[in-house]
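To keep things clear, I will list the structure first and then write my remarks on it.
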Amino acid sequence: PMRKSTPLAAAILSTMASVVALAGPATAGPAASVIVPEQLQITITPLSNTPGLPSGPVSALLTCDPVGGSHRYAERACADLEAAKGDIAAVAPQPGAACLAVWRPVQISVTGRWRGQAIDFSQTQPEISCARVSHGYIFMI
């Protein structure tokens, strides 16, 4: 024998159908997006094996919102980035700074994200003291 549907059973079935419809189709993949902090990796790498230079790369992390990371002058470096709208090449050298007139080349680089934009900058500087002052406080690590 068939059972008659009661108003309560009909309401439960209707509610369950609504929940399933709202959930939408099942999808494969992670349940939530991974949030990657906006940070910059700043590196100075000696290109020659010269006494007095670090034996390998020297790096620091910089975050600007909030200001932090391992950068010694994070607040000043973030201010330089803000003034240049993230364009490392547009950051002027530190005023009044000087460097030695010798050739002990180092590679300077910045990679990561700042204010939603990808940053990938590198340049060769004649020596480490020039590198540190070449773009405001960015490379004062």
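Considering each residue of the range 113-139, count those that are within 17 Å of THR45 (Cα to Cα) and within 13 Å of the chain's Cα centre (by Cα), and give that number.
2
Just checking, how many residues over the range 119-141 are surrounded by fewer than 17 Cβ atoms within 10 Å (Cβ to Cβ) and either of a type in the set (Val, Ile, Thr) or at pLDDT below 95 (or both)?
Residues meeting the conditions: 3.
In this structure, does ILE88 turn out to be at pLDDT 95 or above and either closer than 19 Å to THR43 by Cβ or surrounded by 12 or more Cβ atoms within 10 Å (Cβ to Cβ) (or both)?
In short, yes.
So, in the range 50-67, of the ones that are more than 10 Å from ARG104 (Cβ to Cβ) and polar (S, T, N, Q), which residue ends up least open to solvent (accessible area, probe 1.4 Å)?
THR63
Across the range 110-134, what is the number of residues that are under 26 Å from PRO51 (Cβ atoms), not in a strand (DSSP E or B) and not aliphatic (A, V, I, L, M)?
6
The values are calculated or read from the model by the stated rules, or taken from the named source; none is laboratory data. Predicted, not measured: the structure shown is a model, and the values here were computed from it. Please note: Cβ atoms are built from the backbone with ideal geometry, for glycine as well, and neighbour counts cover all protein chains shown. Keep in mind that these areas ignore ligands, DNA and RNA; they rest on the heavy atoms of the full protein, side chains included. Shrake-Rupley method; radii C 1.70, N 1.55, O 1.52, S 1.80 Å.
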